[in-house]
Structure formats: C-alpha cells, structure tokens
Amino acid sequence: MNFRSGLLTTLNGSTRCSFGLGFNYLIKKNIRLGLGYQFTGFRDHDLDAQRYYGQGVRIGLQWKFDEALFQFFDFLTTEF
C-alpha cells in the first residue's frame, strides 16, 4: 500500500495539492504492478506533463533493471 501526495506553490502565493492511495503487487522479482486513485489533483502542462499529480485512476508497471538482468554478458569479459 502506498500514499501519494504532492504540493505545487508559486511565488505569488498560489498553492495546489494532491493526495492519493494505491496498492502494489510484486508479480515476480523486480516486476511490480500498481493500481491507485488520486483523490485530489492538479494539472500543469509545463511542470507535470505526464499527469503524475492529476486526479483519477493510476495504473503502473515497474521493472527494476539491475546487474543481475545483464549477467548473460559475462561471457564477453571471460579471458580465453
């Protein structure tokens, strides 16, 4: 379970907030699926073009890249 929040402020005193909840499930080692909902949010085309802080449903798939993923290249460093 995760909590998402964001705050955007400007010098002229304008403030926008976001808050959401989500759940993640580890499908396989290094692969995670997430589902969440942003209860309050904001849109800013310049600072948040991907809408990470926009109101609504969020579905995500994360794949962690680490050195174990590239072990098949080990044969290139082996001396013959």
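Computed from the coordinates by the stated procedures, all read-outs in this text should not be read as laboratory data. Just so we're clear, the structure is a prediction, and the values are computed from it rather than from any experiment. No Cβ is skipped: glycine too gets one built from the backbone with ideal geometry, and neighbour counts run over all protein chains shown.
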Check your understanding: Got a number for residues in the range 12-57 being hydroxyl-bearing (S, T, Y) and without any contact (Cβ under 8 Å) to a residue 12 or more places away in the chain?
Key -> 3
Review point. Among (1) surrounded by 10 or more Cβ atoms within 10 Å (Cβ to Cβ); (2) not in a loop (DSSP other than H, G, I, E, B); (3) not β-branched (V, I, T), which single condition is R51 missing?
Key: (2)
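Do you know which residues across the range 1-48 are of a type in the set (A, V, I, L, M), closer than 25 Å to D66 by Cα and in a loop (DSSP other than H, G, I, E, B)?
First pass over the range 1-48, keeping only residues of a type in the set (A, V, I, L, M): 1, 7-8, 11, 21, 26-27, 31, 33, 35, 47.
Next, from what is left, pick out any that are closer than 25 Å to D66 by Cα: 1, 26-27, 31, 33, 35.
Scanning the range 1-48 gives a single hit, M1.
With the requirement that a residue be among the polar types (S, T, N, Q) and surrounded by 12 or more Cβ atoms within 10 Å (Cβ to Cβ), what does the range 6-48 give you?
Taking the range 6-48 and keeping what is among the polar types (S, T, N, Q), we get 9-10, 12, 14-15, 18, 24, 30, 38, 40.
Answer for the range 6-48, where residues must be among the polar types (S, T, N, Q) and surrounded by 12 or more Cβ atoms within 10 Å (Cβ to Cβ): S18, N24, N30, Q38, T40.
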